[in-house]
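Colleague: Provided herewith is a single structure, encoded as structure tokens, for subsequent inquiry.
Coordinate-derived values only; no laboratory data. Everything quoted here is computed from the prediction, not taken from an experiment. All Cβ positions, glycine included, derive from the backbone under ideal geometry; neighbour counts span all protein chains shown.
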Amino acid sequence: MDIALRNIVKKQLLWISLAAISMFFASMLSAFIVEKADVGNWKEFILPNYFVLSTGVIILSSLVLFFIKPQLKKEKSIFGLVFTVLILGILFSYFQIKGWQQLTNQGIYLTGVGSNISGSFLYILTLTHLLHLVGGIVGLCISTIKSKQNLYSINNYLGLELTAIYWHFLTVLWVVLFAFLKFY
Amino acid sequence: MSEHHKENFITKYIFSMDHKMIAKQFLLTGMFMAVVGMLMSAIFRVQLANPGETSVLYNLLPSAWLNDAGGLNPDKYLALVTMHGTILVFWVLTAGLSGTFANFLIPLQIGARDMASGFLNMLSYWFFFIATVVLMSSLFVESGPASGGWTIYPPLSALPQAIPGSGTGMTLWLISITLFVVGSLLGGLNYIVTILNLRTIGMTMKRLPLTVWALLITAILGVLSFPVLLSCGLLLVFDRSFGTSFYLSDIIINGEILHNEGGSPILFEHLFWFLGHPEVYIILLPALGIVSEVIAVNSRKPIFGYKAMVGALLLIAFLSFIVWGHHMFMTGMNPFLGSVFTFTTLLIAIPSAVKVFNYLATLWRGNIRFTPAMLFAIGTVSAFITGGLTGIILGDSALDINVHDTYFVVGHFHIVMGLSAIYGMFAGVYHWFPKMYGRMMNKNLGYIHFWGTFICAYGVFFPMHFLGLAGLPRRYYSNSAFPMFDGLSDINALITFFALAGAVVQVIFLFNFFYSIFKGTKATQNPWKSNTLEWTTPIERIHGNWPGDLPVVKRWAYDYSKPGADEDFILQTEPLKEGEVEH
């Protein structure tokens, strides 16, 4: 298999995986809708402020990624940009954890006697998103190291491109989840 | 992947990245699991024929599964039924069928050296293998394996203290199915990108054999529906292990009031059947793909309505995502919603009828060769019709309610899904055995196998419809506890007789299969005179499939008995003659 075809195959593998992940979250949201309609003691919650911050941070991280390709075209170092995205990714994770802390302060728990199914859904949705994000952070760590070593060029940055696609997907997914949890 | 290279024992037979060897690994594991699943059914059928009595077959079970009189314990009866369903649905008819033929046929029929990623392919098998080990290990835990049914409905699956089978056995079930799904997803991703990208020159989508179309659509179904099962299972794990209440509410066990509130087991059913119904077609479509090929080859005629066949596959796949509610008519569903699911379900009859019509039209006035593969292929069409007809009854909410959870349902799904798919699998094994092992299977043993299986299978499942119409519920440990069913005991005994006879007949297949691997007549390169690319590879297996350049495709796969041709088949690599029009 030649390199061009290999790259296409890898990208397709990623895109199809993203379709599978989307189905995972779609089924979770469907479950949320069904349960909210059915459950008599559904407890409404207020989304933590930290989730607003994390939304801003992850959108910013995706925007930064868009500057990488022009930099590569100009044959300039992209280390700073990739490292920034990594830091923003870690910051997003931190805000998510702080958000959960805020939820427990409100008396909204994942499980236990005082928990409610609405809160359980909130935790599961954000937790599974974060678990997927950990994969993206691992990808960003590798990309950061490689960009520090100047291993990427405009003709050879597939690993970074795949990481970026995955990261954009996680951004869109989070925005959808956030909007859903906020407004539904 | 380039051409053939040296392999040692480990890389050739164990951690192989050659799609053909991985296909054989799937096949052999699937066959092993089929034997296990079949033995389980033989055992619980003996219990149903002679409730509470002992049997020589029970010697296969741990003594803790039996009561003092040597009879089968009720909870272990349920465990056997659960494991039988799990093994047959997932291990045999999903991985055993799809895993075998997708791996074996996709690269060979599209003209590729291997799958897009040999590593992912290997990983897919080993996830499946570990899942198998975990599932089998659940047979040996003290409390027994999962026993709440293969659909693992909560609360039995969500509360470890509910019944013995809800404990460690259920945990192992969940672990094994998670590993299974991961393996299936890895395989499915690989199949899709391989078909989309690695087709050889000239192999356009319009020239793809229908087997490959069926396997492609199956893979797409799997990739889109298995994640839903994962999310369904994740919520279940949280309920089981972390005390959430997604599927639980208002439960008292042994006087203890559980804190769970607000959840609903119906939610589980929605999520489960969103995977569960496409799963029916994940099982069935590869069989239909195999049948398309076998019927065309052995009728010596082009498949009738190629485009309609592809369209029907696509339509069946699409509809399979919007019919799950027909499994849930009895859950208190809004009658209007029930009628919507009835409508979408009955729509499936249209593409299904298209397929059946096209199979019959292909057979019509064909120069039919009744090879064992062909008999099984026709058997698939037969079972698809028989089971499909009762599907119309079960798909209609007003009718389904009358036979819900009776043996009518058991008879229906065993014929339409179980028999159709297993016949398709047998057809595939008989047809491609020469390509797999370079030898032929014994034809006469194949005939005995087919007719024995065909008679016994109908002997088992046809009477079940009458049991169901008489109201006999499924899943009961014994039907003798209720006088109203006493009159049905002879039918139950008859079913058990056919089940045991059918199991014995499979020994003929197993003997034929393993004997032929070593002692069968050596196969020629193209023993069935087929058109597809796999028959242009050398008889001896090489990693890379073709020793030199990849073949170039010049025509579609179904030029059989074409007027003006020298023979009644034309390989896909044969160029069109001057003035010849492609089908």
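Colleague: Can you tell me how the stretch B:140-181 classifies by the Cα gyration tensor, rounded, prolate or oblate, using a/c under 1.5 as the rounded cut?
Modeller: Working: a/c = 1.97, a/b = 1.23, b/c = 1.61.
The shape class here is oblate.
Colleague: Where a ≥ b ≥ c are the square roots of the eigenvalues of the C-alpha gyration tensor, would you call the protein assembly as shown rounded, which needs a/c under 1.5, or, failing that, prolate if a/b is larger than b/c, or oblate?
Modeller: Values: a/c = 1.83, a/b = 1.08, b/c = 1.68.
Note, shape of the protein assembly as shown comes out oblate.
Colleague: Rank-order B:216-226, B:548-558 by packing density, defined as the average count of other C-beta atoms within 10 Å over each peptide's residues, highest first. Each step should come with its number before you reach the end.
Modeller: On the way: B:216-226: 24.5, B:548-558: 18.2.
Per-residue Cβ counts within 10 Å, averaged per peptide and sorted highest first, yield B:216-226, B:548-558.
Colleague: Top mean-square fluctuation among A:105, A:49, A:116, Gaussian network model of chain A, C-alpha springs under 10 Å?
Modeller: Result for chain A, Cα springs under 10 Å: A:105 fluctuates most.
Colleague: Enter the mean number of other protein chain beta carbons within 10 Å of the beta carbon of each residue in A:26-33, as an integer.
Modeller: Numbers: counts 5, 13, 7, 1, 6, 12, 1, 0.
Counting Cβ atoms of other protein chains within 10 Å of each residue's Cβ and averaging gives 6.
Colleague: Could you tell me which of the pairs B:6/B:443; A:43/A:98; B:24/B:522; B:301/B:554; B:24/B:435 are separated by over 23 angstrom between their Cα atoms in the structure shown? Can you show the working numbers first?
Modeller: Working: B:6/B:443 35 Å; A:43/A:98 21 Å; B:24/B:522 19 Å; B:301/B:554 19 Å; B:24/B:435 11 Å.
Over 23 Å apart, Cα to Cα: B:6/B:443.
Colleague: Going by a ≥ b ≥ c, the root eigenvalues of the Cα gyration tensor, does the stretch B:58-145 fall in the rounded group (a/c under 1.5), the prolate group (a/b larger than b/c) or the oblate group?
Modeller: prolate
Colleague: Pull up all non-local amide H partners of residue B:439: gap of 5 or more, or a different chain, and H-to-H distance under 5 Å with H placed in the peptide plane.
Modeller: B:523
Colleague: Now for a different question. Please report A:82, B:291, A:64, B:429 as a ranked list, fewest other C-beta atoms within 10 angstrom at the top and most at the bottom. Don't jump to the answer; show the numbers that get you there.
Modeller: Working: A:82 27, B:291 31, A:64 18, B:429 24.
By the 10 Å Cβ count, ascending, the order reads A:64, B:429, A:82, B:291.
Colleague: Excluding residue B:199 itself, what net charge comes from residues whose Cβ is under 13 Å from its Cβ, given Lys and Arg +1 and Asp and Glu -1? Mind showing how you got there, number by number?
Modeller: Working: positive: B:113, B:206, B:207; negative: none.
Its environment carries a net charge of +3.
Colleague: Here's something else I'd like to know. Which whole number gives the average, over all residues in B:260-273, of C-beta atoms from other chains lying within 10 Å of the residue C-beta? Walk me through the numbers before you get to the answer.
Modeller: On the way: counts 4, 7, 12, 5, 6, 0, 3, 8, 1, 0, 4, 5, 0, 0.
Across the residues of B:260-273, the mean count of other-chain Cβ atoms within 10 Å is 4.
Colleague: If neighbour count is taken as other Cβ atoms inside 10 Å, put A:178, B:518 in order from fewest to most. Please report the intermediate quantities before stating the final value.
Modeller: Details: A:178 19, B:518 8.
Ascending number of Cβ neighbours within 10 Å: B:518, A:178.
Colleague: Quick one: compute the contact order of the stretch B:270-358, relative version, from alpha carbon pairs under 8 angstrom and 6+ residues apart, as a percent.
Modeller: Numbers: 63 pairs, mean separation 33.3, N = 89.
Relative contact order comes out at 37 percent.
Colleague: Here's another thing I want to ask about it. Please name whichever of B:209, B:62, B:503 sits farthest to the positive end of the charge dipole of the protein assembly as shown, dipole taken about the Cα centre and charges placed at Cβ: Lys and Arg +1, Asp and Glu -1.
Modeller: B:209
Colleague: Same structure again: What are the residues whose amide H is under 5 Å from the amide H of residue B:406, where those residues sit 5 or more places off or on another chain and H is modelled from the backbone?
Modeller: Under 5 Å from the amide H of residue B:406 lie the amide H atoms of B:474, each far enough along the sequence or on another chain.
Colleague: Another one. List the residues whose amide H sits under 5 Å from the amide H of residue B:569, counting only those 5 or more places along or on another chain, with H placed 1.01 Å from N in the peptide plane.
Modeller: The list, which skips near neighbours in sequence, is B:561.
Colleague: Treat the count of other C-beta atoms within 10 Å as a stand-in for reagent exposure and order B:82, B:11, B:331 from fewest to most. List each step's numbers first, then the result.
Modeller: Numbers: B:82 26, B:11 16, B:331 13.
Lowest count first: B:331, B:11, B:82.
Colleague: Mean Kyte-Doolittle of at least 1.0 and a Cα length of 30 Å or more along the axis: which whole DSSP H helices of chain B meet both?
Modeller: On the way: long enough: B:19-49 (44 Å, 1.20); B:168-197 (44 Å, 1.56); B:210-242 (46 Å, 1.92); B:265-299 (49 Å, 1.27); B:372-395 (33 Å, 1.67); B:443-469 (39 Å, 0.87); B:489-519 (45 Å, 1.51).
For chain B, where a helix must reach 30 Å along its axis and average at least 1.0, the hits are B:19-49, B:168-197, B:210-242, B:265-299, B:372-395, B:489-519.
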